[in-house]
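The values are calculated or read from the model by the stated rules, or taken from the named source; none is laboratory data. Keep in mind the model is a prediction, meaning the values are calculated, not measured. Methodologically, a virtual Cβ is constructed for each residue, glycine included, from the backbone with ideal geometry; neighbour enumeration extends over all protein chains shown.
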Amino acid sequence: DLLVLPPVSEGYVSVMGAVAGPGRLLLHEGDTLMEILTKAGGAEMGENNEPMIDYDKAYLFRDGGYVDVDFAALIGEGSMDANIPAKSGDFLFLPLGQPKHVTVIGAVSDPGQKLINRGDRVLDILAKAGWAKVAEDSDLGFLGDLSSTVLLRDNAILDVRFDGLPQDKSQNMTVMEGDVIYVPEAALKQVFVVGEVKAELAIPFNRPITLVEALTQAGGVTPKGRRAGKVYIVKNSMSDKPEYIKRDLHNLYYGKATENMQLEPNDIVFVPETALSVLSRYSGYLSSVIGLILQADTLNSTIINPVP
């Protein structure tokens, strides 16, 4: 018969703190810290199913001194590199840690405190908050303005470009207890297409859009507009100093790349006809801006032409 002997006992190890079975535990030959923790029933788990250990305050006391142990790697990640052999007389203390939170406020689907899991980054927290709130009218897209979103930490605003996420991984920084992420409401952003097009309209600016795309969404240019052969883009239309850019319609539709351009929020795309009576068709600030365009064209003044 084969006689199987139990592992040789080498003494005891004491484990105290946030474990299921704290106390004085028998140490067997070859036992590591991980095996001692298993004998102690493992770490207490929190609502996020992660160990409720304050890793910064945990320690291993051995032979009258403290041993350097990466408890976050050992317990939080199960790292074998941190799993050193145990020794008789070891005293292992694992204090109870409190759940850590990040607060997300503003235009997100689910604002409030979000529990931090180990290793959570900005994207993880935004995902828990439902990202930016979406308008009931899906054409308007996100109501949250990620380009103006900020991360507050210790009364300072950190340099994080939220509108670069998720493509720019360098902006996806690790979050910390007490962080606050503020997602402001986005002002309604639109591009206006007016003049000699088949359907004048305001296009919600919820994604990048080009001049050709805007004209296409407006149903294309009317015969009068084609005869005029030009289109104006009004930049900074809400400011005191709008900028006027002229493009050649014929070259644009023949696919000349330099004629096409990316539009920005509040740009006005205006396709004129030859008669100045077109002004009577518009009201409010659109009328004044279009009037400036026509005046500038007539006087051959501040129109900016495309670079060849």
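Points to keep in mind about this one:
- Residues located in the stretch 1-19, provided they are exposed (fewer than 13 other Cβ atoms within 10 Å of the Cβ) and either within 18 Å of residue 73 (Cβ to Cβ) or at pLDDT 95 or above (or both): none
- Residue selected from the stretch 136-160 under the condition part of a loop (DSSP other than H, G, I, E, B) and surrounded by 10 or more Cβ atoms within 10 Å (Cβ to Cβ), by the criterion modelled with the lowest pLDDT: 141
- Applying the set (1) in a strand (DSSP E or B); (2) of a type outside the set (D, E, K, R); (3) more than 16 Å from the chain's Cα centre (by Cα) to residue 208 leaves exactly one unmet item: (1).
- When 196, 185, 200 are screened for being of a type in the set (D, E, K, R), modelled with pLDDT under 90 and touching a Lys or Arg at 6+ places or on another chain (Cβ under 8 Å), only 196 passes.
- Which listed residue is in the same structural domain as residue 14 (by TED's automatic domain parsing), among the basic types (Lys, Arg) and in contact with a Leu (Cβ under 9 Å, 6 or more places away or on another chain), from 87, 128: 87
- Scanning the stretch 88-123 for residues that are assigned to a loop (DSSP other than H, G, I, E, B) and within 21 Å of residue 183 (Cβ to Cβ) returns 100, 107, 109, 110, 111, 116, 117, 120.
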